[in-house]
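Here's the structure, in structure tokens; my notes come after.
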Amino acid sequence: MRRWTLLAGLLLALGLAASAGAEDAKEPCPPTPGIPPINDVARGRCLFNSLRAFGQDPSGPFASCAICHYGHEKTDRGMHLVQITNVAGETVQVLRKTPSLLKAAVNFPYGWDGRFQTIQDAARAAILSPTEMNGRSVTEEQLDALAALVLSLAHPDPEPTPSPPPPAPSPQTLALIALGKEVFFGKGTCTTCHPAPNFTINAIATNQVSANFSGNTDRGAGFVGTGADGHFKVPSLLFFGAGEPFMHAGVLARLPQLLRFYNKSLGLNLTGRELTGLEYWLRNCLDPRKSPRPSTC
């Protein structure tokens with residue numbers, strides 16, 4: 001039975017792709033009457049999930065924004081090929097991690113190399129990229145509606161039937177979270193690049209070590225002129241759970257690996273208990289959706 005269900009789904013998808021070309025001329029997501037594009041979340045949601053809103057080639061790599069930005073964290077946590085052209089007309093293709101759109105309101109400039117100043121700029125590049133959505137056209141009005149939707153994602157609608165609150169943390173867990181907070185704002189020097197309230201300096205920076213994990217093929221900010229070679233944007237730590245895997249190319253899979261990396265490369269000399277506390281604080285205290293938060297956050 002499952003085999004036939006999967007086959008039916010595949011045939012439906014193929015049917016949608018085949019009919020997309022014939023319907024490109026139609027408006028798949030009409031504007032909401034009386035609402036300007038920059039506030040038209042409903043239209044933005046339709047465009048975001050559409051298979052044909054931007055005239056994509058059905059044989060292209062992706063059909064909609066939602067294929068890479070989905071689920072509770074609005075990211076597939078994957079690494080995808082991105083084609084980048086700089087002001088000199090040079091083009092490279094590199095692997096970059098899919099960012100979580102939950103952070104979009106505070107995570108500017110956009111792109112791991114900071115080459116986009118607005119959500120609209122970033123969306124246009126992804127839609128028209130031959131290695132991403134492979135679209136043929138996009139209007140300013142469509143981009144404004146997409147931006148309205150993206151900016152709303154950090155504040156999802158309440159659940160129709162709210163989930164029961166999680167059990168209260170144990171005293172041991174609360175103590176570790178408190179220790180982690182002390183480390184983050186003190187000995188760990190994390191606030192140098194990740195100060196509250198948005199936990200980013202919204203700038204291009206280095207992680208203070210020679211850590212170009214793409215085998216020196218991804219120059220980052222140096223290629224597009226937003227900074228030095230091998231430098232990348234400081235991401236916001238809000239919605240921290242959406243950050244794994246870490247770094248621009250996702251080369252550090254889990255949080256303990258990330259913490260050990262910085263502990264060694266920055267010479268922090270954090271103890272095992274301090275690293276565990278920092279992990280507990282990051283996991284429990286940086287998701288604005290979490291309610292109630294542990295008392296020692």
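At a glance:
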read-out	value
Sequence ranges 289-296, 188-195, 86-93, ranked by mean other-Cβ count within 10 angstrom, highest first	188-195, 289-296, 86-93
In Å, descending, principal axis extents of the Cα set of region 66-165	54, 29, 24
LEU252 long-range amide H proximity, modeled H, under 5 Å	PHE246
Vicinal HN-Hα couplings computed from phi for region 254-270 (Karplus, 6.51 cos²θ - 1.76 cosθ + 1.60; Hz; Gly/Pro x)	10, 4, x, 5, 4, 5, 5, 4, 6, 4, 7, 5, 9, x, 7, 6, 6
Mean separation of Cα contacts under 8 Å, 6 or more apart, over the residue count of region 61-185: relative contact order %	20
Cross-link pairs LYS74/LYS264; LYS264/LYS290; LYS181/LYS264; LYS97/LYS187; LYS103/LYS264 - those with Cα-Cα distance over 26 Å	LYS74/LYS264; LYS264/LYS290; LYS97/LYS187; LYS103/LYS264
FRET efficiency estimate (nearest 0.05) - Cβ-Cβ, TYR70 to ASN39, R0 30 angstrom	0.80
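Coordinate-derived values only; no laboratory data. None of these values were measured; they are calculated from a predicted model. Neighbour counts are summed over all protein chains in view; Cβ atoms, including those assigned to glycine, are modelled from backbone coordinates with ideal geometry.
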